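Undergrad: After the structure tokens below, expect a handful of questions from me.
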Amino acid sequence: MSCMNRYLYDGTADGLLSAIAWIIEEEPDPEQVLLLERKDTLFEEGFFIATDATLAESLFFRLRHHAPDAAHTLYTFMLAEKEGMETSLLHYVALAFTHGDKVKGHLTHPGVRDIVTVSRKAERELHRMKGLLRFEKLQDGAYLAKMEPDHNILHPLAWHFSRRLRAQHWFLYDVRRRTAARWNNGSLRFGTIEQFTTPALSDEEKKVQAMWQTFFKTIAIPDRKNPRLQKSNMPMKYWKYLTEKQGE
Amino acid sequence: MDTLAKLQILSGAARYDASCASSGSRREGPSCGTGNTSLGGICHSWSDDGRCISLLKILLSNECRYDCAYCVNRSSNPGERTSFTAREVVQLTLDFYRRNYIEGLFLSSAVFQSPDHTMERMVRVVETLRTEEHFGGYIHMKIIPGCSSELVQKAGLYADRISVNIELPSAASLQRLAPQKQKHSILEPMALIGREITSSLVERKSSRRAPRFAPAGQSTQMIIGASPENDFQILRLSQGLYKKMNLKRVYYSAYVPVSADNRLPVLAAPPLLREHRLYQADWLLRFYGFSAEEILSDDAPHLDEAFDPKTAWALRHPEFFPVEVSRADYATLLRVPGIGVTSAKRILAARRFSSLTPEGMKKIGVVMKRAKYFITCSGRSFEKPDRPEAFLRQQLLLPGNREAALPAPSRQLVLPGIFA
């Protein structure tokens with residue numbers, strides 16, 4: 001491995017993409033290149049590529065034009081915030097420019113497989129949360145949903161609900177990352193929350209929740225009870241914010 | 001009675017309806033209203049029986065004047081009777097939808113007064129949701145057999161999916177167990193819906209503003225194990241429904257004993273394994289290019305309990321195997337036990353880049369447990385070729401290869417129509 005060229009970047013998403021753009025431009029064979037996050041240790045080897053946000057953005061747009069599916073995979077891969085897979089991502093993007101969207105089928109390539117597997121997981125959690133997110137109505141009439149997803153899916157999730165609950169004023173709050181989205185009067189905003197205080201619920205909220213809990217219990221066929229199947233479809237890590245699973 | 005008490009009774013009465021799919025329709029949400037639909041469907045929760053909850057599944061009323069032997073709501077069954085008002089259903093749907101509990105409404109009903117009267121009340125609910133509340137979420141509506149065709153047409157304009165339950169796999173069983181329902185009153189609206197869907201699709205090709213009619217198609221449901229039909233009869237019926245009536249889905253519902261009527265068989269437990277095997281065979285009909293006659297025959301009219309229907313077919317057709325995965329086409333790959341739609345597509349995609357090795361097969365995620373007995377990979381076989389059938393049967397039944405013993409109710413019920 002020592003004959004491979006080593007490159008370093010600063011650990012940010014923009015830095016990663018601009019490093020990939022730079023390498024694809026300058027290196028004849030990106031398959032022979034390693035890309036790592038700079039740790040500033042004493043004996044660290046490698047050539048540092050400075051972050052250039054414009055370069056990062058243009059890489060993404062070029063990829064989207066050239067291979068839209070592969071660009072989507074890149075986007076969902078980034079939601080996973082995975083560390084240590086930079087070289088795989090470099091190889092994936094380089095192959096996507098040569099082969100187009102077909103690259104996603106090149107699963108015998110270890111780099112491609114890494115990226116596709118991780119992005120598939122992020123995609124699955126995003127899809128799951130579209131169903132499992134629970135809003136509560138607050139006293140001022142707005143709705144609030146809290147979540148602790150493994151992947152950083154706040155943005156695509158908020159876009160999903162901006163097309164769905166359009167006439168409603170709502171907040172999405174990622175408790176672990178302290179980030180939030182707010183939809184009001186047709187505009188979507190993102191931000192961080194330093195100090196979160198649980199607001200008071202509206203008067204009718206407990207009543208509606210009780211109805212949902214009742215429905216949840218009665219809709220199951222008693223002769224077909226199957227808690228294992230229930231847990232495999234709806235892992236317990238999501239139960240914390242599920243209205244129907246409170247008190248279990 | 002307050003809404004909570006009604007909800008308890010009328011959702012309990014609706015739980016034996018198998019369908020919960022919310023797929024097949026894509027609608028933009030109205031800017032002044034609530035809700036849109038997503039083409040692939042979304043599950044919102046999973047109940048204690050492991051089935052997905054996607055829609056608010058309720059009856060408008062359980063005050064039934066029919067006395068179908070297999071049904072929990074039959075008029076001779078004691079138990080509390082009640083009905084929702086239209087306003088209550090509308091409010092519940094909106095309250096649940098705004099909190100993201102559900103993808104939409106599944107509205108069915110017992111038949112009170114007359115089929116027309118019942119259907120009219122149901123249509124009024126969805127009309128209010130769509131026109132007054134500007135609700136854009138998913139709506140699945142049951143058609144009450146015997147109601148007028150005008151009401152069927154109206155329902156199709158408001159609902160995403162409509163369905164008429166075929167109830168039992170033959171007219172004779174229907175006559176015996178549900179004497180107040182007639183075969184023609186079930187098949188007529190089905191045919192009407194099929195025609196309306198087709199003509200709406202044609203019209204929408206010339207004008208995008210032409211109204212949609214049940215954009216997510218129609219489905220039906222039958223009860224398995226309450227009547228004597230064999231699996232071959234059932235599969236041929238489903239095949240006919242898919243081909244001639246253009247149905248999206250046929251649901252099979254294992255009979256859960258809900259009464260001690262002497263016209264019904266006495267079962268220790270609902271026939272879940274049989275239901276599971278029927279769903280597997282149904283998938284073979286719809287996505288794997290099999291016909292009912294290939295899966296079963298008059299001499300062997302029942303699905304094998306020990307093997308899934310594809311493995312059973314493979315064991316009967318040794319001349320078809322081994323399949324060479326680096327050359328076989330999609331249709332051939334799909335016939336290999338253990339290789340499904342996903343694996344077959346991945347094999348095709350991976351072959352473009354390099355020839356497939358046995359290790360490569362595992363890397364791309366093909367499960368070799370069953371497949372290894374039926375394939376070769378660039379000429380190399382995984383198992384000794386020409387194994388006698390008896391050996392294969394035994395190998396496939398070894399604990400590691402066996403499918404999880406009983407309950408595992410079909411996953412088909414669980415995913416709201418990834419394919420539907």
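The values are calculated or read from the model by the stated rules, or taken from the named source; none is laboratory data. Computed from a predicted structure; not experimentally measured. In this analysis, Cβ positions are derived from the backbone assuming ideal geometry, glycine residues included, and neighbour counts consider all displayed protein chains. Just the protein is used for accessible areas: all its heavy atoms, side chains included, with ligands, DNA and RNA removed. Shrake-Rupley method; radii C 1.70, N 1.55, O 1.52, S 1.80 Å.
This table checks each residue for (1) hydrophobic (A, V, I, L, M, F, W, C); (2) open to solvent by less than 20 Å² (accessible area, probe 1.4 Å); (3) assigned to a helix (DSSP H, G or I); (4) assigned by TED's automatic domain parsing to the domain that holds B:I339.
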{"residue": "B:I234", "(1), (2), (3), (4)": "yes, yes, yes, no"}
{"residue": "B:Y242", "(1), (2), (3), (4)": "no, no, yes, no"}
{"residue": "B:A268", "(1), (2), (3), (4)": "yes, no, no, no"}
{"residue": "B:D299", "(1), (2), (3), (4)": "no, no, no, no"}
{"residue": "B:H302", "(1), (2), (3), (4)": "no, no, no, no"}
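Undergrad: Quick one: count up the residues across region A:109-155 that are away from every other protein chain (no Cβ under 13 Å), open to solvent by less than 60 Å² (accessible area, probe 1.4 Å) and in a helix (DSSP H, G or I).
TA: Qualifying residue count, region A:109-155: 6.
Undergrad: Of everything in region B:317-331, what is open to solvent by 40 Å² or more (accessible area, probe 1.4 Å) and farther than 19 Å from B:E359 by Cβ? Give them in sequence order.
TA: We begin by selecting, within region B:317-331, every residue open to solvent by 40 Å² or more (accessible area, probe 1.4 Å); these are B:317-320, B:322, B:327, B:329-331.
Across region B:317-331, the qualifying residues are B:H317, B:P318, B:E319, B:F320, B:D329, B:Y330, B:A331.
Undergrad: For region B:67-95, which positions are within 21 Å of B:V125 (Cβ to Cβ) and within 25 Å of the chain's Cα centre (by Cα)? Don't jump to the end; show me each part of the working.
TA: Filtering region B:67-95 down to residues within 21 Å of B:V125 (Cβ to Cβ) leaves B:73, B:81-95.
Matches in region B:67-95: B:N73, B:V89, B:T93.
Undergrad: Looking at this structure, is B:T118 buried (at least 18 other Cβ atoms within 10 Å of the Cβ), in contact with a Phe, Trp or Tyr (Cβ under 9 Å, 6 or more places away or on another chain), more than 14 Å from chain A (Cβ to nearest Cβ) and among the β-branched types (V, I, T)?
TA: Details: buried (at least 18 other Cβ atoms within 10 Å of the Cβ): yes; in contact with a Phe, Trp or Tyr (Cβ under 9 Å, 6 or more places away or on another chain): yes; more than 14 Å from chain A (Cβ to nearest Cβ): yes; among the β-branched types (V, I, T): yes.
When the stated conditions are applied, B:T118 passes them.
Undergrad: Sort out which residues of region B:182-210 are within 23 Å of B:D231 (Cα to Cα) and either more than 23 Å from the chain's Cα centre (by Cα) or open to solvent by less than 30 Å² (accessible area, probe 1.4 Å) (or both), and write them in order of number.
TA: Listed by number, the residues that qualify are B:I186, B:M190.
Undergrad: Considering (1) modelled with pLDDT of 90 or more; (2) under 21 Å from B:A21 (Cα atoms), say which one B:P228 fails and leave the rest.
TA: (2)
Undergrad: I've got another one for you. Are there strands (runs of 3 or more DSSP E) fully within region A:164-248 with at least 1 residues that are within 11 Å of another protein chain (Cβ to nearest Cβ)? List them. Give the steps one after another, and end with the answer.
TA: On the way: elements: A:170-174, A:179-184, A:187-192.
The qualifying strands (runs of 3 or more DSSP E) are A:170-174.
Undergrad: For region B:41-61, name all the residues that are open to solvent by less than 10 Å² (accessible area, probe 1.4 Å), assigned to a loop (DSSP other than H, G, I, E, B) and either in contact with a Pro (Cβ under 6 Å, 6 or more places away or on another chain) or more than 7 Å from chain A (Cβ to nearest Cβ) (or both).
TA: Within region B:41-61, B:G41, B:S54, B:L60 meet the criteria.
Undergrad: Then there is this: Does B:L39 satisfy the criteria of being modelled with pLDDT of 95 or more and in the same structural domain as B:I166 (by TED's automatic domain parsing)?
TA: Numbers: modelled with pLDDT of 95 or more: no; in the same structural domain as B:I166 (by TED's automatic domain parsing): yes.
Considered against the rule, which asks whether it is modelled with pLDDT of 95 or more and in the same structural domain as B:I166 (by TED's automatic domain parsing), B:L39 comes out as no.
Undergrad: Something else now. Which condition number does B:R27 fail, the rest of (1) out of contact with any strand residue (DSSP E or B) (no Cβ under 7 Å at 6 or more places or on another chain); (2) touching a residue at least 24 places away in the same chain (Cβ under 8 Å); (3) under 20 Å from A:W159 (Cβ atoms) being met?
TA: (1)
Undergrad: Any residue at all in region B:386-395 that is open to solvent by less than 60 Å² (accessible area, probe 1.4 Å), touching a residue at least 12 places away in the same chain (Cβ under 8 Å) and among the basic types (K, R)? Even if it seems obvious, please write down each step before you answer.
TA: Of region B:386-395, the ones open to solvent by less than 60 Å² (accessible area, probe 1.4 Å) are B:391-392, B:395.
From what is left, the residues that are touching a residue at least 12 places away in the same chain (Cβ under 8 Å) are B:392, B:395.
Retained after the next criterion (residues that are among the basic types (K, R)): none.
No: region B:386-395 contains no residue that is open to solvent by less than 60 Å² (accessible area, probe 1.4 Å), touching a residue at least 12 places away in the same chain (Cβ under 8 Å) and among the basic types (K, R).
Undergrad: From the list B:L356, B:L278, which residue is out of contact with any helix residue (DSSP H, G or I) (no Cβ under 6 Å at 6 or more places or on another chain), modelled with pLDDT of 95 or more and on the phi < 0 side of the Ramachandran plot?
TA: Working: B:L356 fails: modelled with pLDDT of 95 or more.
The match here is B:L278.
Yes/no per residue for (1) open to solvent by 70 Å² or more (accessible area, probe 1.4 Å); (2) of a type in the set (D, E, K, R); (3) on the phi > 0 side of the Ramachandran plot:
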| residue | (1), (2), (3) |
| --- | --- |
| A:D40 | yes, yes, yes |
| A:E45 | yes, yes, no |
| A:I49 | no, no, no |
| A:T54 | yes, no, no |
| A:L59 | no, no, no |
| A:R64 | yes, yes, no |
| A:L74 | no, no, no |
| A:E83 | yes, yes, no |
| A:H91 | no, no, no |
